[in-house]
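None of the figures in this text is laboratory data; all of them are computed from the coordinates on show. Just so you know, these numbers come straight off a predicted model, no measurement behind them. With ideal geometry, Cβ positions are generated from the backbone for all residues, glycine too; neighbour counts draw on all protein chains shown.
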Amino acid sequence: MSDDLTSALRDLAAGHETPAPVAGAEIRRRAVVRRRRRRTAYAGAALATAAVAVTVTAGLLSGPDDHRRERPAPVATDGTTRPAATVDLSRRVMTVAGRELPVSAGSTRHPTPTGPLTVVATHRERRMPAGDFGLGGEYDLKLPWVVELRTPDGRTTYAVALTFDEKAPGTRDITRGWLGLRSEDAKWLHDRLEPGDVIAVEAGAHAR
């Protein structure tokens, strides 16, 4: 028999040898390692799933008011809170930081709420029912620079930019209870106020 054939037969025999036995302690150690690897993989998958769920939820909750600022804030129920702005309905003027802004308020049939109005949110743009401005209910209006307000008894009203009638603020009252401002003034007010601020509205016998 040649040397090459002898070497080949030896290699073939070595390939079919029974593996050396493994001690019981080693088997248990390997099982522990496998269990740890599985737990680590499960934990990673759970974290990834949670991250996806949070991202999807945030996307579903965001709507047309993506730029609004809102945080929990107590609604003022009396006149003890120092107001960030005051409104004199008799003069159709809102005073903020020493600056006077012309306003258009509600009509006799739909008066503007008086007393402390608490800012609960601000919106760079918001869709409003046109009927609330006395324009009929056929079309809604998308208005910019909206400040959402809450009365002490829980009613909602707004300070908004009257883009459809920039001449009304300071001259006549055309809203159904809201405070209307010129666009430039409404933007300035929107950027200045924060949730929790109070606008104090004073009643007055002003001409309609």
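Tabulated data
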{"item": "T171 paired with E100, simple spin-label distance in nm, labels 7 Å along Cα-to-beta-carbon", "result": "1.8"}
{"item": "Label point distance in nm, R82-D153, each placed 7 Å from Cα along Cα→Cβ", "result": "3.0"}
{"item": "Gained length - F164 relative to T108, 0.36 nm times residue gap less alpha-carbon distance", "result": "18.1 nm"}
